[in-house]
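The values are calculated or read from the model by the stated rules, or taken from the named source; none is laboratory data. Nothing here was measured: the structure is a model prediction, and the numbers come from that model. Every residue, glycine among them, receives a Cβ derived from its backbone with ideal geometry; neighbour counts consider all protein chains shown.
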Amino acid sequence: MSYPILLTRTPYGADTYFHPLGPAESFARAGYIFAFQDVRGKYLSEGQFTNVPPFHERPAAGDIDEATDTYDTIDWLLKNVPRNNGRVGQYGISYLGYYSTLGILSAHPALKAVSPQAPVTDWFIGDDIHHNGAFFLNDFFDFLSGFGVDRPVPTNRRDPGLRQDFPDAYSFFLHDVGTLANVNERYFHHQVAFWDTLMMHGTYDTFFKHRTPLPHLRDVKPAVMTVGGWFDAEDLWGTLNVFKTIEGAKHGSFNGLVMGPWFHAGWFLTDGGTFADLTFPTKTADDYHAQVELPFFEYFLKDKGSAPSWKAFVYETGANEWHRFDVWPPAGLENRTFYFGANHTLAVDAPRGAVVRGFDEYSSDPEHPVPYIGYVQSERGADYMGSDQRFAAERPDVLTYETAPLDADLTIAGPITARLTVSTTGTDADWIVKVIDVFPDDAPNPQPNPRDLRMGGYQQLVRAEVMRGKFRNSLEHPEPFVPGQATPLVYTLPDAFHRFKKGHRIMVQVQSSWFPLVDRNPQKFVDIYRATAADFQSARMRVYRGSSIELGVVEH
């Protein structure tokens with residue numbers, strides 16, 4: 001008997017931190033050879049590690065990158081591992097998903113199936129470090145505290161790094177850290193080289209552009225199945241855009257998308273039966289492993305079973321159902337616009353006459369930023385991606401717009417477009433738009449109910465995203481706001497697939513801080529990485545009537 005090889009490449013230690021395909025025993029019984037490798041410069045691999053190293057599309061003689069390393073690894077495995085069948089698959093989650101995407105670019109002819117899972121893809125537009133230029137503070141401070149310290153010699157010892165212990169992230173980042181300019185002086189002491197590098201690249205410059213694989217995903221030969229979660233706080237953007245980029249370019253084999261009701265790596269770490277306050281009727285991760293993951297590799301690496309009959313295998317939250325589509329977003333969507341009206345209404349009819357010239361306003365104070373979660377947390381958890389937003393709706397610096405109770409189910413699919421007209425008394429501002437499912441007052445509580453949840457009026461976050469205002473027209477060339485001048489602001493929130501049930505309401509919240517998930521905007525046009533405490537100022541924000549969100553609605 002001969003068996004295919006399943007390769008995963010990791011920067012986290014191949015002997016202690018690897019992601020076997022799950023459940024691993026299913027693959028073991030089916031018959032696979034697993035290969036785990038430390039990437040260049042990490043743990044027991046020699047060489048110099050580079051964070052998200054660029055891909056060399058036209059390498060000069062002797063050039064190396066993670067694609068050439070993958071090619072050489074596959075070549076070595078085929079020649080030295082007995083009883084392999086000459087076919088290789090690659091997979092990995094998060095950073096390992098990035099290396100899987102680079103594996104596609106290796107173009108090794110034996111690489112027949114690749115599954116980038118929650119792949120790191122672009123660290124300025126939408127993954128991990130930044131979203132639309134806004135720095136994701138709590139995410140990356142914690143990540144680099146434990147990961148960013150240089151490894152002087154090969155070792156299999158996990159470095160404890162420079163981790164900080166703090167019970168309340170909100171207080172720690174507001175009072176102890178203060179501004180980003182304080183991080184080195186107070187915590188990292190220039191021991192984290194990548195932090196120093198980031199602080200020199202405050203726009204979407206060549207440093208970031210060279211580190212995204214998306215422009216190179218052309219003429220893809222292996223079958224690709226990109227996997228992610230609707231509640232992924234780290235790499236939802238990358239998951240969707242790896243799939244869409246391959247789909248929009250020439251590719252020679254299957255290209256599929258799997259999206260479940262999961263947090264980052266939730267399909268590997270849990271059975272997928274719950275998320276935050278939500279409970280699902282099946283163990284969704286088990287559904288995926290049995291119905292999708294194993295059959296994908298069995299077909300493309302062994303010719304067993306049949307080719308996938310779907311393009312997208314996606315979970316509809318709210319309805320709690322799996323669906324298969326021939327295209328994603330699904331065909332036949334109706335683009336429906338919901339306008340912000342007087343008295344905090346949200347309606348499909350645009351305001352007219354004098355009403356459209358009205359506005360709602362609030363004061364945004366960097367000393368009292370809006371928290372991203374309604375309870376005290378230390379490290380950033382994933383729950384906020386679907387959590388109750390009533391804590392935010394009660395704040396005077398959060399605007400809310402709400403429909404009447406729906407008279408029928410309404411399902412949205414695909415990206416969400418926010419079209420705002422805004423102004424600020426400052427010269428910069430962040431704008432966070434949140435789309436929320438408001439449960440009816442008589443919604444039943446879960447049974448059993450150990451946390452004493454009250455689901456009547458529950459405001460479930462469906463999707464949210466931030467736009468750093470100075471990047472509203474260009475991520476490369478930031479622009480200040482003219483104080484008091486009404487200014488258009490249009491940006492896209494990542495895809496969702498959610499059913500608002502009859503009797504529920506659609507709510508939109510707008511705010512200018514989301515702390516400490518996102519670093520504070522001084523509300524002054526400056527280099528925020530070098531801003532001092534004196535640069536931070538309160539500002540008066542206006543959102544004008546006729547601002548809107550556009551949703552893709554599935555016809556039932």
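Answer with yes or no whether Asp150 is among the acidic types (Asp, Glu) and at pLDDT 95 or above.
Taking the combined requirement at face value, the residue does not satisfy it.
Considering each residue of the range 124-147, count those that are touching a Lys or Arg at 6+ places or on another chain (Cβ under 8 Å) and either over 28 Å from Leu493 (Cβ atoms) or modelled with pLDDT under 95 (or both), and give that number.
Total satisfying the criteria: 5.
Please verify whether the range 247-257 includes one or more residues that are at pLDDT 95 or above, touching a helix residue (DSSP H, G or I) at 6+ places or on another chain (Cβ under 6 Å), under 30 Å from Tyr372 (Cα atoms) and surrounded by 16 or more Cβ atoms within 10 Å (Cβ to Cβ).
Among the residues of the range 247-257, at least one is at pLDDT 95 or above, touching a helix residue (DSSP H, G or I) at 6+ places or on another chain (Cβ under 6 Å), under 30 Å from Tyr372 (Cα atoms) and surrounded by 16 or more Cβ atoms within 10 Å (Cβ to Cβ), which makes the answer yes.
Quick one: in the range 275-292, which of the residues that are in a loop (DSSP other than H, G, I, E, B) and under 22 Å from the mean Cα position of the chain (by Cα) is surrounded by the fewest Cβ atoms within 10 Å (Cβ to Cβ)?
Asp277
Is the range 183-190 home to any residue that is under 25 Å from Asn138 (Cα atoms), of a type in the set (Lys, Arg) and more than 23 Å from the chain's Cα centre (by Cα)?
Scanning the range 183-190 turns up at least one residue that is under 25 Å from Asn138 (Cα atoms), of a type in the set (Lys, Arg) and more than 23 Å from the chain's Cα centre (by Cα).
Looking at the structure I just gave you, is Asp75 assigned to a helix (DSSP H, G or I), among the charged types (D, E, K, R) and surrounded by fewer than 24 Cβ atoms within 10 Å (Cβ to Cβ)?
Yes.
Only one of Asp150, Asp69 is assigned by TED's automatic domain parsing to the domain that holds Phe27 and either part of a loop (DSSP other than H, G, I, E, B) or more than 28 Å from Val433 (Cβ to Cβ) (or both). Can you tell me which?
Checking each option against the conditions leaves just Asp69.
Determine which member of the set Thr155, Thr206 is surrounded by fewer than 18 Cβ atoms within 10 Å (Cβ to Cβ), free of Cβ contacts under 8 Å to residues at least 40 places away in the same chain and either in contact with a Cys (Cβ under 8 Å, 6 or more places away or on another chain) or of a type in the set (S, T, N, Q) (or both).
Checking each option against the conditions leaves just Thr206.
Report every pair of residues separated by at least 6 positions or lying on different chains whose Cβ atoms are under 7 Å apart, first residue within the range 357-380 and under 18 Å from Gln509 (Cβ atoms), second surrounded by fewer than 21 Cβ atoms within 10 Å (Cβ to Cβ) and of a type in the set (S, T, N, Q).
Every condition considered, the pairs that remain are Ser363/Ser538; Ser364/Ser538; Asp365/Ser538.
Select, from Phe359, Phe340, Phe391, the only residue that is crowded, with 20+ Cβ neighbours inside 10 Å and either at pLDDT 95 or above or not charged (D, E, K, R) (or both).
Result: Phe340 is the single residue among Phe359, Phe340, Phe391 that is crowded, with 20+ Cβ neighbours inside 10 Å and either at pLDDT 95 or above or not charged (D, E, K, R) (or both).
Quick check on my filter: what residues within the range 511-530 are surrounded by fewer than 22 Cβ atoms within 10 Å (Cβ to Cβ) and touching a Ser or Thr at 6+ places or on another chain (Cβ under 8 Å)?
Lys524, Phe525
Restricting the search to the range 357-380, which residues are within 23 Å of Thr417 (Cα to Cα) and out of contact with any Phe, Trp or Tyr (no Cβ under 8 Å at 6 or more places or on another chain)?
Glu361, Tyr362
Inside the range 305-322, can you point out the residues that are in a strand (DSSP E or B) and either in contact (Cβ under 8 Å) with a residue 12 or more places away in the chain or crowded, with 18+ Cβ neighbours inside 10 Å (or both)?
Ala312, Phe313, Val314, Tyr315, Glu316, Thr317, Trp322
So is Gly266 in contact with a strand residue (DSSP E or B) (Cβ under 9 Å, 6 or more places away or on another chain) and surrounded by fewer than 19 Cβ atoms within 10 Å (Cβ to Cβ) or not?
So Gly266 does not fit the description; no.
Limited to the range 175-223, what total is found for residues that are assigned to a helix (DSSP H, G or I) and farther than 30 Å from Pro109 by Cβ?
Residues flagged as assigned to a helix (DSSP H, G or I) and farther than 30 Å from Pro109 by Cβ within the range 175-223 amount to 21.
Against the definition (more than 30 Å from Phe208 (Cβ to Cβ), free of Cβ contacts under 8 Å to residues at least 60 places away in the same chain and either over 21 Å from the mean Cα position of the chain (by Cα) or not in a loop (DSSP other than H, G, I, E, B) (or both)), how does Ala28 come out, yes or no?
yes
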